[in-house]
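Right, one structure below, let's go through it.
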Amino acid sequence: MSHAYPERLEVVPTGPLQGVVRAPGSKSVTNRLLLMATLASGTSRLRGPLDSDDSAAMRDLVTALGATIDHGPEAAAPTGDGHAAPFWDIIGVGGQPTAPAQPIDCRLSGTTIRFGTAVAALAPSPVTLTGDRPLRARPLGALTAALHTLGARIEGGPPSYPPVTIGGGLQGGAVTVDASGSSQFVSAVLLAAPYAATDVHITAEGSFPAAYVDLTAETMRRWGAVVERPDERSWLVRAGVTYQARTVDVEYDASAAAHLYGLAAATGGRVTIPGVTPSVQPDSQIGPVLERFGAMVEHAGDRVTVNAPATLRPGGQIHLAAMPDQVTTVSALAALAPGVTEITGVEVVRGHETDRLAALATELAKLGTTISERPDGLVIDGRTTTGGPATLDTYHDHRLAMAFAAVAARLPGVTINQPGCVAKTFPGFWDALVGLGGEVGPG
């Protein structure tokens, strides 16, 4: 299929989806590595990065800050698992980003504007970052307040939402970051901290998925930074111990893989994903959640297979605070399971691309599903789900689109609006669905 999708896409149920499909490179890792390669001195090579709307936004940001990126030809460099993949070569700025004359457009990418704001703070002159309207509605205040405390100059004071104009460098010191709105606030400060004038001691407040911050800290260590962990809510970054240029393989995207597993679970199918390496990505722990619905998860080397029963069982109470992005997939499966599933711990997703809890409650109800919205989750009774005809709105949210695809692959008569929004993180998603035996067409 072409990646130019119609405004509406109908997924036609064809029975159990089966096959072997590779997940793309990790968005979370790709965007972190782009920033570290940018701040390093010398040339770094990323093999198998994610090429998506989000990573394109980050590439534009780092080049605006002075990095140079050369794209390698397709299938040019083998990764650690033997899979041939494209590569990007990044010539870094040695910790001295430049300030472009024009504002940097971060499009719809939350990681780009949040991580980018912290790196732009290192520029000697002011840098303005903005984005599309939905991005300008995503909170930024906890991050800008923290960077201001560390010495960054912010025009007009720390804004609560984009746009932001920032620069002047970071002095360092101690800072408390309210991470309840997003763990990305902590990760952003961490990523820039090695280039502060003095050590940076970060303490996080609020409830947040710590695994994403652990991913940031561990990746920083691999690139040469010194990140200590005085306690479970704080990090100490040594100033002057900076990133070193490297050649690395970008690991698979655990969130994308979870959506592919969801296709198997929803349709009673069997899907195998190769190249699943050990990872601290939170969504790599989706297996036990799928097993709650009755699926079997099999591990064989670097291959993971999800084998699902013809009828799912209800998931009971599932606490998703550690992997809030998967509220969409889990809700879709809950709508197909004949019983009650209660999802808790995901209040943070109300501030993602859209209010995902409200969107899930609205759209799944179109299928007849009885669904109750709670402040931090949903209660879903799949016994009432009848299916289409129904048109499900995605709110231009990639994870809603991929989760609704799982439902539509099981229930006839379901059309999905704005299917092209998957390009944010997984441009080849609909191709993957077709490759597993699915059928799609204009709705």
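The values are calculated or read from the model by the stated rules, or taken from the named source; none is laboratory data. Given the structure is predicted, the values throughout are model-derived calculations rather than measurements. Virtual Cβ from ideal backbone geometry, glycine too; neighbours counted across all protein chains shown.
If only one of Arg350, Arg383 is within 18 Å of His319 (Cα to Cα), among the basic types (Lys, Arg) and out of contact with any Ser or Thr (no Cβ under 7 Å at 6 or more places or on another chain), which one is it? Can you show your working first?
Working: Arg383 fails: within 18 Å of His319 (Cα to Cα).
From the options Arg350, Arg383, the qualifying one is Arg350.
Filter segment 122-147 down to residues that are part of a strand (DSSP E or B) and closer than 17 Å to Asp355 by Cα, then give me how many there are.
0
Between a residue in segment 109-130 that is assigned by TED's automatic domain parsing to the domain that holds Asp60 and any residue that is aromatic (Phe, Trp, Tyr) and assigned to a loop (DSSP other than H, G, I, E, B), which pairs come within a Cβ distance under 9 Å, given they are 6 or more apart or on different chains?
If the second residue must be aromatic (Phe, Trp, Tyr) and assigned to a loop (DSSP other than H, G, I, E, B), no pairs are left.
Answer with yes or no whether Tyr243 is modelled with pLDDT of 95 or more and touching a Phe, Trp or Tyr at 6+ places or on another chain (Cβ under 6 Å).
When the stated conditions are applied, Tyr243 passes them.
I'd like the full set of residues that are buried (at least 17 other Cβ atoms within 10 Å of the Cβ) and either at pLDDT 95 or above or of a type in the set (Asp, Glu) (or both), limited to segment 70-90.
Listed by number, the residues that qualify are Asp81, Trp88, Ile90.
Between Thr341, Thr328, Thr354, which is more than 17 Å from Ser207 (Cα to Cα), in the same structural domain as Gly287 (by TED's automatic domain parsing), among the polar types (S, T, N, Q) and modelled with pLDDT under 95?
Working: Thr341 fails: modelled with pLDDT under 95; Thr328 fails: modelled with pLDDT under 95.
After applying the criteria, what remains is Thr354.
Filter segment 47-59 down to residues that are surrounded by fewer than 24 Cβ atoms within 10 Å (Cβ to Cβ) and out of contact with any helix residue (DSSP H, G or I) (no Cβ under 8 Å at 6 or more places or on another chain) and give me whichever is farthest from Cys106 (Cα to Cα).
Per the stated criteria, the residue is Arg47.
Could you figure out which of (1) on the phi < 0 side of the Ramachandran plot; (2) in contact with a Leu (Cβ under 8 Å, 6 or more places away or on another chain); (3) crowded, with 19+ Cβ neighbours inside 10 Å isn't true of Arg399?
Every listed condition holds for Arg399 apart from (2).
In segment 231-254, how many residues are more than 24 Å from Ala23 (Cα to Cα) and touching a residue at least 12 places away in the same chain (Cβ under 8 Å)?
Qualifying residue count, segment 231-254: 14.
Can you list the strands (runs of 3 or more DSSP E) found entirely within segment 210-321 that contain at least 3 residues being among the β-branched types (Val, Ile, Thr) and out of contact with any helix residue (DSSP H, G or I) (no Cβ under 8 Å at 6 or more places or on another chain)?
none
Among the strands (runs of 3 or more DSSP E) lying completely within segment 1-50, list those that include at least 2 residues that are touching a Lys or Arg at 6+ places or on another chain (Cβ under 9 Å).
Where strands (runs of 3 or more DSSP E) fall fully within segment 1-50 and carry at least 2 residues being touching a Lys or Arg at 6+ places or on another chain (Cβ under 9 Å), they are 18-20, 43-47.
Starting from segment 204-219, take each residue that is of a type in the set (Val, Ile, Thr) and list its partners that are surrounded by 18 or more Cβ atoms within 10 Å (Cβ to Cβ) and assigned to a loop (DSSP other than H, G, I, E, B), counting only C-beta distances under 6 angstrom and pairs at least six apart or across chains.
Val213/Ser183
Across segment 152-183, which residue is surrounded by the most Cβ atoms within 10 Å (Cβ to Cβ) among those that are touching a residue at least 40 places away in the same chain (Cβ under 8 Å) and over 23 Å from Gly206 (Cα atoms)?
Our first condition is that a residue be touching a residue at least 40 places away in the same chain (Cβ under 8 Å); within segment 152-183, this holds for 162-164, 166-170, 172, 180-182.
Those left that are additionally over 23 Å from Gly206 (Cα atoms): 163-164, 166-170.
Numbers: Pro163: 19, Val164: 29, Ile166: 27, Gly167: 19, Gly168: 17, Gly169: 18, Leu170: 24.
The extreme case among them is Val164.
Going by the conditions given, is Ile273 assigned by TED's automatic domain parsing to the domain that holds Ala405 and farther than 16 Å from Val21 by Cα? Before you say what the answer is, go through the steps one by one.
Working: assigned by TED's automatic domain parsing to the domain that holds Ala405: yes; farther than 16 Å from Val21 by Cα: no.
No, not satisfied.
Could you tell me how many of the residues in segment 187-218 are at pLDDT 95 or above, farther than 25 Å from Gly94 by Cβ and in contact with a strand residue (DSSP E or B) (Cβ under 7 Å, 6 or more places away or on another chain)?
The number of residues fulfilling the criteria is 3.
Which numbered condition in (1) buried (at least 16 other Cβ atoms within 10 Å of the Cβ); (2) under 18 Å from the mean Cα position of the chain (by Cα); (3) within 30 Å of Asp89 (Cβ to Cβ); (4) among the β-branched types (Val, Ile, Thr) is the only one that Ile286 fails?
Ile286 satisfies all of (1) buried (at least 16 other Cβ atoms within 10 Å of the Cβ); (2) under 18 Å from the mean Cα position of the chain (by Cα); (3) within 30 Å of Asp89 (Cβ to Cβ); (4) among the β-branched types (Val, Ile, Thr) except (3).
Which of the residues that make up segment 333-354 are outside any helix (DSSP H, G or I), within 18 Å of Val407 (Cα to Cα) and small (Gly, Ala, Ser)?
Ala337, Gly339
Of Val93, Val119, which residue is in a helix (DSSP H, G or I) and surrounded by 16 or more Cβ atoms within 10 Å (Cβ to Cβ)?
The match here is Val119.
All but one of (1) buried (at least 17 other Cβ atoms within 10 Å of the Cβ); (2) in contact (Cβ under 8 Å) with a residue 24 or more places away in the chain hold for Ala361, so report the exception by its number.
(2)
Please give the strands (runs of 3 or more DSSP E) falling wholly within segment 355-437 in which 3 or more residues are closer than 30 Å to Gly181 by Cβ. Step through it out loud before you land on a result.
Working: elements: 370-374, 377-381, 390-392, 414-417.
Counting at least 3 such residues, we get 370-374, 377-381.
Please go through segment 207-233 and give me each residue that is loosely packed, with under 15 Cβ neighbours inside 10 Å and among the basic types (Lys, Arg), ordered by number.
Arg221, Arg222, Arg229
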